[in-house]
Amino acid sequence: MESKEVLNIDSISYEVNNKSILSDISFKINQGEMACIIGPNGSGKSTLIKLISGELRPTTGKVVYLNKEIKNWDITELACRRSILSQSNNLSFPFTIKDIIKMGRYPIKNSTKENDEKIYEILIEILDLKDKVDQNYITLSGGEKQRVQLARVFSQIWSFENFSKKLLIIDEPTSFLDIKHQYALFDFLEKMNKKGLTIVMVLHDLNHALSFSNKIIMIKESRLLAEGKTSNVIDEEKLNELFDVKLKIVQENKKKSFISYK
């Protein structure tokens, strides 16, 4: 029977100058899960994303993607299966939006120009960029730049069939986005997830985490506080422990709830 496991984070720790940034973190992500990493500022969330993606190597432990340790993957082969949007994407060259989105297709050697053009057209429509395509990237607003970068990472792993075994890693994807584009993004992520895409993301907005993820990973003071199915992990006691603030979960109906201050 084929394994459903996409990621195995196995006892990873990360130290810099003898300072522990992350300590003994373990969890697994299965095919088709939409997992959200939450925790206070400075808890190590972005470092964890960098370790999962292979940008950093753990001091101890290992990161395994599709039953192969991440450090042993061929870079080009890995790029065809897994795409990353980091928290900071500084680009100071005067590329057009089209140039940047098509950069995402660079590792895909078996694609055609016709295919790449179709993908580009789909993504500029979804991410509301049609009226900006010839604009110089550095003249865009923060939210527009974020949407371009999202289009780039989606183009890298795009499939016209299904996204089975493909992985999207995104750190604070709603940064700079207004409400309209935040919800458009989550709607798109949910559609991609239903087609088999496995997603790991860092979010600060707890209501987004509650509404749009089916797995939660809680990080506090460099350690794993809790992980598991969202409905099992998100409760008032755990949230209060994680953020040191009194929060309550308000049940609106059987399917929808939200988090507010007590």
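Over the stretch 195-255, one equal point on each Cα, no solvent: what is log10 I(q)/I(0) by the Debye formula at q = 0.16, 0.21 Å⁻¹? With no solvent term, the Cα-only Debye profile gives -0.54, -0.92. Charge tally for SER111 (other residues, Cβ to Cβ under 11 Å; Lys, Arg +1; Asp, Glu -1): +2.
Remark: the chain carries 52 Å² of accessible area per residue (probe radius 1.4 Å; ligands, DNA and RNA excluded).
For the chain, the share of accessible area belonging to carbon and sulfur comes to 47 percent (1.4 Å probe, ligands and nucleic acids excluded). Stretch ASN41-ASN72 to full length: gain in nm at 0.36 nm per residue minus the Cα-Cα span? Additional length available on full extension: 8.0 nm. Principal axis extents of the C-alpha atoms in the stretch 33-103 (largest first, rounded to whole Å): 41, 33, 26. A straight chain from ARG223 to ASN240 at 0.36 nm per residue would run longer than the Cα-Cα distance by 4.5 nm.
When the Kirkwood radius is taken over all Cα pairs of the stretch 118-262, what Stokes-Einstein diffusion coefficient follows at 37 °C and 0.692 mPa s, in µm²/s?
Here the translational diffusion coefficient equals 193 µm²/s.
In deg cm²/dmol, rounded to 500, what helix-only [θ] at 222 nm does the chain give when every DSSP H run of at least 4 residues adds -39500 (n - 2.57) and the total is split over its residues?
Result for the chain, helices only: -9500 deg cm²/dmol.
Note on the stretch 34-171: percent of Cα-Cα distances in each 5 Å bin, starting at 0 and stopping at the bin with the largest distance, equals 2, 9, 18, 19, 19, 15, 11, 5, 1, 0. With a threshold of 26 Å on the Cα-Cα distance, the over-threshold entries among LYS50/LYS165; LYS45/LYS238; LYS165/LYS248 are LYS165/LYS248. Contact order for the stretch 50-140, expressed relative to its length and based on alpha carbon pairs under 8 Å spaced 6+ residues apart, stands at 29 percent.
Rounded to whole Å, the principal axis extents of the Cα atoms in the chain read 51, 43, 43, largest first. Looking at the chain alone, DSSP beta bridges between its own residues are antiparallel in about 60 percent of cases.
Would you please state which residues of the stretch 219-248 a label at GLU15 would reach in this model, taking the label point 7 Å out along Cα→Cβ and a backbone N cut-off of under 17 Å? Zone members listed by number: 222-223.
Per-residue extension of 0.36 nm, minus the Cα-Cα distance of ALA184 and HIS204, leaves a gain of 5.4 nm for this segment. Between their Cα atoms, which of LYS19/LYS71; LYS68/LYS246; LYS102/LYS195 are more than 30 Å away from each other? LYS68/LYS246, as the Cα separations exceed 30 Å there.
Distance between the 7 Å Cα→Cβ label points at GLN251 and LYS194: 2.6 nm.
Modelled this way, with points 7 Å down the Cα-to-C-beta line, the labels at LYS109 and SER231 are 4.6 nm from one another.
The values are calculated or read from the model by the stated rules, or taken from the named source; none is laboratory data. Owing to the predicted nature of the structure, the values given are computational and were not obtained by experimental measurement. Cβ: placed from backbone, ideal geometry, glycine included. Neighbour counts: every protein chain shown. Accessible surface is based on the protein model in full, side chains and every heavy atom, while ligands, DNA and RNA are left aside. Shrake-Rupley method; radii C 1.70, N 1.55, O 1.52, S 1.80 Å.
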